[in-house]
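The values are calculated or read from the model by the stated rules, or taken from the named source; none is laboratory data. Just so it is clear, the model here is predicted, and its values are computed rather than measured. Positions of Cβ are backbone-derived with ideal geometry, glycine not excepted, and every protein chain shown enters the neighbour counts.
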Amino acid sequence: MSDIKMTTGINVKGIGKCLPEMIAANEDFAKIVDTSDEWITQRTGIKTRHISNGEPNYYLGARAAEMAIADADIQPSDIDLIIVATCTPDFYTPSESCLIQREIGASGSMAIDINCACTGFDYGLDMAKRYLQSDDDVHTVLLVAAEELSKFVDYTDRSSCILFGDGAAAFVLEKRENTLYSSYLGADGTGASFLAARALRSENVFRNNKEEFDMNMPQLKEHFFTQEGKEVYKFATKALPNAVLKACEKAGISPDELDAIVPHQANVRIIETAAKNLGVSMDKMVVYIDRYGNTSSASIPIAFCDAVAEGRIKRGDKICLVGFGGGLTYAAVIFEY
Ligand code: UT7
């Protein structure tokens, strides 16, 4: 018998997604690196991913936002705060949130970017909830996750390039009283070197030492992304079920009472192991990694949108969104849709 704690939470008023039109299938990767459809499918579950053909990241984010705004039946001017989760922004400044605000015509709202890598959507959701709960000026939040991993993926590294895709998704959020809500968020910076990318030059005109200070981080090839796949895999298979359990504990609900768990889509084997450790069937896990690959912070809301469109998630369902990724970071958020 569960003892669900009712609290102040969120109302997901509208949702939307946008994927670039260009699609790269496993066979396309077999033409550029030593790999095969069979290896990628068996080891990751991925078949295709969408890749930007020049559309900027903010373009994807803005289209997803417009769809969510239409779904929520509100006007852009109703938005008080825009939060954008991204680790692949178009510029260091201006922020992605300001660019998306300009594109959708929501001027006047607050706009802030967050970078929690693949966990960004969960962090953003919890941040939105706290603003909505504590700030009288914030009634409507637009939360967007927009990513173009193609910007920093090393297309000569077969162990990582096959994993990633581009895409965006957005939620329009309001406060909801007396509802199911809990969150569990955390980070472990000791794993910082396991997933890394640097798009900034480290030289400057005043520097006279050619060597970097040794900060125990990988020496990066230009700006490209590097990953210690096995370390991330080990971390993910523990962090994912642990975050779900911790969020469930706080909400007074057991994992099998959740109608759907939407995990970060990095590798289907990670999700299968997590389901096993949680004692829930794979039917409960929402998985669309075959279509999109890993779109970092956008992977959870994109999967959520597809699950709603296909009737797998319905209004009133108890949902857990659970992420893990660079930082290292991890988080789970439970709410009623
Ligand atoms: O958002 C978070 C981001 N990242 C992740 O979640 C990544 C987590 N890690 C993983 O998903 C997996 O570790 C990978 C998919 C990256 C790799 O899968 P794996 O089963 O751990 O493979 P492995 O690294 O143990 O490599 C096994 C073999 C190696 O060959 P040898 O040494 O056994 O001859 C690799 O060189 O597979 C080889 N390999 C490939 N072969 C064909 C690695 N990548 C490929 C490839 N195609 N694309």
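Tallying residues that are among the acidic types (Asp, Glu) and free of Cβ contacts under 8 Å to residues at least 12 places away in the same chain within region 310-337 yields 1. Could you check region 310-332 and list, in sequence order, the residues that are among the small types (Gly, Ala, Ser) and within 19 Å of the chain's Cα centre (by Cα)? Matches in region 310-332: 323, 325, 326, 327, 331, 332.
Somewhere in region 113-134, is a residue farther than 25 Å from residue 320 by Cα and either of a type in the set (D, E, K, R) or not assigned by TED's automatic domain parsing to the domain that holds residue 19 (or both)? No, there is no match, as no residue in region 113-134 is farther than 25 Å from residue 320 by Cα and either of a type in the set (D, E, K, R) or not assigned by TED's automatic domain parsing to the domain that holds residue 19 (or both). The residue pairs whose first member lies in region 118-134 and is surrounded by 23 or more Cβ atoms within 10 Å (Cβ to Cβ), whose second member is in a helix (DSSP H, G or I) and not polar (S, T, N, Q), and whose beta carbons are closer than 8 Å, counting only pairs six or more residues apart or on different chains, are 121/298; 121/300; 121/301; 122/300. Restricting attention to region 292-314, does a residue exist that is touching a helix residue (DSSP H, G or I) at 6+ places or on another chain (Cβ under 6 Å), modelled with pLDDT of 95 or more and more than 16 Å from the ligand (Cβ to nearest atom)? Yes. Listed conditions (1) modelled with pLDDT of 95 or more; (2) within 20 Å of residue 140 (Cα to Cα); (3) of a type outside the set (Val, Ile, Thr) are all met by residue 108, apart from (1).
Counting only helices (runs of 4 or more DSSP H) that sit completely within region 15-81, those holding 1 or more residues that are within 14 Å of residue 104 (Cα to Cα) and either touching a residue at least 24 places away in the same chain (Cβ under 8 Å) or assigned by TED's automatic domain parsing to the domain that holds residue 121 (or both) correspond to 57-72.
Table: residues versus (1) more than 9 Å from the ligand (Cβ to nearest atom); (2) part of a loop (DSSP other than H, G, I, E, B); (3) surrounded by 21 or more Cβ atoms within 10 Å (Cβ to Cβ); (4) not acidic (Asp, Glu).
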position: 230; (1), (2), (3), (4): no, no, no, yes
position: 233; (1), (2), (3), (4): no, no, no, yes
position: 244; (1), (2), (3), (4): yes, no, yes, yes
position: 247; (1), (2), (3), (4): yes, no, yes, yes
position: 250; (1), (2), (3), (4): yes, no, no, yes
position: 261; (1), (2), (3), (4): yes, no, yes, yes
position: 269; (1), (2), (3), (4): no, no, no, yes
position: 273; (1), (2), (3), (4): yes, no, no, yes
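A single entry from 237, 273, 295 fulfils the requirement of being under 13 Å from the mean Cα position of the chain (by Cα), of a type outside the set (Phe, Trp, Tyr) and closer than 30 Å to residue 152 by Cα: 295. When region 37-51 is filtered for residues that are of a type outside the set (Asp, Glu) and more than 15 Å from residue 294 (Cβ to Cβ), the ones remaining, listed by number, are 39, 42. Would you say residue 146 is in contact with a strand residue (DSSP E or B) (Cβ under 6 Å, 6 or more places away or on another chain) and either touching a residue at least 24 places away in the same chain (Cβ under 8 Å) or not assigned by TED's automatic domain parsing to the domain that holds residue 226 (or both)? Yes: the conditions hold for residue 146.
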